[in-house]
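Following: one structure in structure tokens, then a few remarks.
The values are calculated or read from the model by the stated rules, or taken from the named source; none is laboratory data. In this text the structure is predicted, and so the values were computed from the model without any measurement. A quick note on method: Cβ atoms are made from the backbone with ideal geometry, for glycine too, and the neighbour counts reach across all protein chains shown.
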């Protein structure tokens, strides 16, 4: 590994001028179940002054919120008062975590595509930029990229993420593990030219 890292042709993408990390402290709040959903949290004028901060990446259970659960043969919600059938998930206890922070786009990124990349979020989440809905994704251990160029403005921008502990995708994920929740892997922005290769297959 050391030899590879010392190779003059090796380049760490995090050193690129087209990369910007969003790791760090985010404003954070949490509720116990969907009926307590904070409907307007994603709006830019929503007051988060009384929210706590949470380091990203991390799991919220490792920061004093909610509780972890180990599962072997059963699903993690089978101890709940309501035991749903697929693809439903519990409604009496299914925490939702809310994340917000601001960021500024580098000047050199004007007239380019801008993506936000989430490398791991458990288990499902909604993404908003500057108060506008961008998209939804699930699959805990797969990275997801969103093109956010059309939602950005000059100066300060705001990103908001709503994370559900359990989703219909949770039925398909490994049970023999400690189940945690939240944005537990890196989050970053990257920029590309308008015309670029993004998804291709090489056959030899």
Worksheet item: Residues in segment 66-87 that are more than 17 Å from residue 175 (Cα to Cα) and surrounded by 13 or more Cβ atoms within 10 Å (Cβ to Cβ): how many?
Response: 1
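Per-residue answers, yes or no, for (1) surrounded by fewer than 21 Cβ atoms within 10 Å (Cβ to Cβ); (2) closer than 20 Å to residue 107 by Cβ:
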| residue | (1), (2) |
| --- | --- |
| 134 | yes, no |
| 141 | yes, no |
| 156 | yes, yes |
| 171 | yes, no |
| 176 | yes, no |
| 183 | no, no |
| 189 | no, yes |
| 192 | yes, yes |
Worksheet, complete the sentence: Among (1) buried (at least 19 other Cβ atoms within 10 Å of the Cβ); (2) without any contact (Cβ under 8 Å) to a residue 24 or more places away in the chain, residue 99 falls short only on (2)
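At least 3 residues that are in contact with a strand residue (DSSP E or B) (Cβ under 7 Å, 6 or more places away or on another chain), closer than 27 Å to residue 36 by Cα and at pLDDT 95 or above in each: list the strands (runs of 3 or more DSSP E) lying fully within segment 86-204 that qualify.
The qualifying strands (runs of 3 or more DSSP E) are 96-104, 124-129, 132-138, 156-164.
For segment 12-65, how many residues meet the condition of being part of a helix (DSSP H, G or I), in contact with a strand residue (DSSP E or B) (Cβ under 9 Å, 6 or more places away or on another chain) and surrounded by fewer than 17 Cβ atoms within 10 Å (Cβ to Cβ)? Step through it out loud before you land on a result.
Filtering segment 12-65 for residues part of a helix (DSSP H, G or I) gives 13-15, 34-36, 60-63.
Filter again for in contact with a strand residue (DSSP E or B) (Cβ under 9 Å, 6 or more places away or on another chain), leaving 13-14, 34, 36, 60-63.
Those left that are additionally surrounded by fewer than 17 Cβ atoms within 10 Å (Cβ to Cβ): 13-14, 34, 36, 62-63.
Total satisfying the criteria: 6.
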